[in-house]
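Note sheet for the following structure.
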Amino acid sequence: MAERRTEKQHGEAEGIDLRAPDAVLRVLAQGQVEAANAVIAAIPSLTMAAETAARALAGGGKLAYAAAGSCGLMALADGLELPGTFGIPGERIAILIAGGPANFHELANGAEDDADLAASDVRNAEIGAGDCLIVLSASGATPYALGALRAAKARGAAIIGLANNAQTPLLLESDVPVLIETPAEIIAGSTRMGAGTAQKIALNMISTLMAIHLGHVHDGYMVNLRPDNLKLKDRAARIVAAIAGCPQQKAVELLEKSGGSVKAAILMASGVRSADEAERLLQRAGQRLRPALAMIELSKSSNQNGANVPKQGECK
């Protein structure tokens, strides 16, 4: 195995405990910047990862994550946001962390060595053919991560592997290996810092591009969000108003009629007569708003009475 960069001493680390506090923080901040920049080199692999994840969800499968320690927390942060932000049903997301809920009190470090536990977690989550599993390990050799990878792969799932060290088992055994070659940590081996930052960025990039592939983003708006609190209800109304050109109060009314579906409300603002008709149009458009709006415009242009139908950007 190649030398683990995550365990090497950083060039700025010697004597760091003797420096002034502000000098220490500047070194730490620069380490985070360098770690974030390392993600750029992984963009080709991240592109493939997003396509793989989108394909699984579009085909009716699940998106799952598996990791231990701080990598597990990065996975948790990404996966738990997907239902609210992009409207992906919670039952289609699985997050496997070595040691389970005990991590929310203290990281269950011993569990990261248990490959059998990982295999059991994969079985219990029913991850298999048609699903996609994202496996994270800074070292690329964590037993729990490898156990999850091997169990899910044997059951037919597609595997995306994220690691911060090259030529590691996790990358060599993944269908879509993603190497994020971060510099040595300022605190050697403390991968909650640079490696963790880079993994968080990479996961956000994968899931956001995945959502774009699935039609859940339109002109930078999260048009498939689940408005289940006051903040998100207000955001949903502002999105409908911005895209459809409606007063916000009209957008609120349309969202009530659409059952909270932002896409359906926008289509209704653009001339579709009911939420059911809007949902049928979205199905024809593969849940993508832009082609659905184009279908409305095409229908209007071919309709001799189109003058009586509101144009896109006007509210009915």
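Based on what the data block shows, is A264 surrounded by 15 or more Cβ atoms within 10 Å (Cβ to Cβ) and over 15 Å from I296 (Cβ atoms)? Break it down into steps so the answer makes sense when it comes.
Numbers: surrounded by 15 or more Cβ atoms within 10 Å (Cβ to Cβ): yes; over 15 Å from I296 (Cβ atoms): no.
No.
Within region 200-224, how many residues turn out to be farther than 25 Å from A237 by Cα and either β-branched (V, I, T) or touching a Gly at 6+ places or on another chain (Cβ under 8 Å) (or both)?
Within region 200-224, the subset farther than 25 Å from A237 by Cα is 200-203, 205-206.
Within this subset, residues satisfying the condition of being either β-branched (V, I, T) or touching a Gly at 6+ places or on another chain (Cβ under 8 Å) (or both) are 201, 206.
Total satisfying the criteria: 2.
Only residues that are of a type in the set (A, V, I, L, M) and within 16 Å of D175 (Cβ to Cβ): list them for region 18-56, please.
So in region 18-56, the residues of a type in the set (A, V, I, L, M) come out as 18, 20, 23-25, 27-29, 33, 35-36, 38-43, 46, 48-50, 53-54, 56.
A42, L46, M48, A49, A50, A53, A54, A56, listed by residue number.
Tell me, which residue of region 219-250 that is surrounded by 15 or more Cβ atoms within 10 Å (Cβ to Cβ), over 20 Å from R288 (Cβ atoms) and in contact (Cβ under 8 Å) with a residue 40 or more places away in the chain is nearest to the chain's Cα centre (by Cα)?
Within region 219-250, the match that is nearest to the chain's Cα centre (by Cα) is L232.
If you go through region 57-105, how many residues are among the basic types (K, R) and surrounded by fewer than 20 Cβ atoms within 10 Å (Cβ to Cβ)? Explain how you work it out, then say what you get.
Residues of region 57-105 among the basic types (K, R): 62, 92.
Narrowing further to those that are surrounded by fewer than 20 Cβ atoms within 10 Å (Cβ to Cβ): 92.
Count: 1.
Just to verify a result, which residue in region 18-39, among those that are more than 17 Å from P177 (Cβ to Cβ) and among the β-branched types (V, I, T), is most open to solvent (accessible area, probe 1.4 Å)?
Per the criteria, the residue is V33.
Among the listed residues D121, D116, identify the single one that is touching a Gly at 6+ places or on another chain (Cβ under 9 Å), open to solvent by 40 Å² or more (accessible area, probe 1.4 Å) and without any contact (Cβ under 8 Å) to a residue 60 or more places away in the chain.
Of the residues listed, the single one that is touching a Gly at 6+ places or on another chain (Cβ under 9 Å), open to solvent by 40 Å² or more (accessible area, probe 1.4 Å) and without any contact (Cβ under 8 Å) to a residue 60 or more places away in the chain is D116.
Step by step: first the residues of region 293-302, then only those that are open to solvent by 40 Å² or more (accessible area, probe 1.4 Å) and not in a loop (DSSP other than H, G, I, E, B), then the one that is nearest to H218 (Cα to Cα). Which residue is that?
Applying the first criterion (open to solvent by 40 Å² or more (accessible area, probe 1.4 Å)) to region 293-302 yields 294-295, 297-299, 301-302.
Cutting the leftovers down to not in a loop (DSSP other than H, G, I, E, B) gives us 294-295, 297-299, 301.
Numbers: A294: 13, M295: 16, E297: 17, L298: 19, S299: 21, S301: 23 Å.
Per the stated criteria, the residue is A294.
For region 174-189: of the residues being more than 14 Å from G140 (Cα to Cα) and in contact with a Ser or Thr (Cβ under 9 Å, 6 or more places away or on another chain), which is most open to solvent (accessible area, probe 1.4 Å)?
By that ranking, first place goes to D175.
I'd like the residue in region 90-107 that is in contact with a strand residue (DSSP E or B) (Cβ under 8 Å, 6 or more places away or on another chain) and of a type in the set (G, A, S) and, out of all such residues, is modelled with the lowest pLDDT.
A98
Go through (1) assigned to a helix (DSSP H, G or I); (2) closer than 26 Å to D78 by Cα for A242 and report which single condition fails.
(2)
Considering only region 272-292, state which residues are part of a loop (DSSP other than H, G, I, E, B) and not small (G, A, S).
Scanning region 272-292 gives V272, R273, Q287, R288.
Which numbered condition in (1) open to solvent by less than 30 Å² (accessible area, probe 1.4 Å); (2) over 16 Å from S70 (Cα atoms); (3) in contact with a helix residue (DSSP H, G or I) (Cβ under 7 Å, 6 or more places away or on another chain) is the only one that L171 fails?
So L171 meets the others, but not (3).
Which one of I88, I180 is farther than 18 Å from A202 by Cα and of a type in the set (A, V, I, L, M, F, W, C)?
Result of the check over I88, I180: I88.
The values are calculated or read from the model by the stated rules, or taken from the named source; none is laboratory data. Everything numeric here is computed off the predicted structure, so don't read it as measured data. We place every Cβ from the backbone using ideal geometry, glycine too, and count neighbours over all the protein chains shown. Side chains are part of the model used for accessible areas, which takes the heavy atoms of the whole protein and leaves out ligands, DNA and RNA. Shrake-Rupley method; radii C 1.70, N 1.55, O 1.52, S 1.80 Å.
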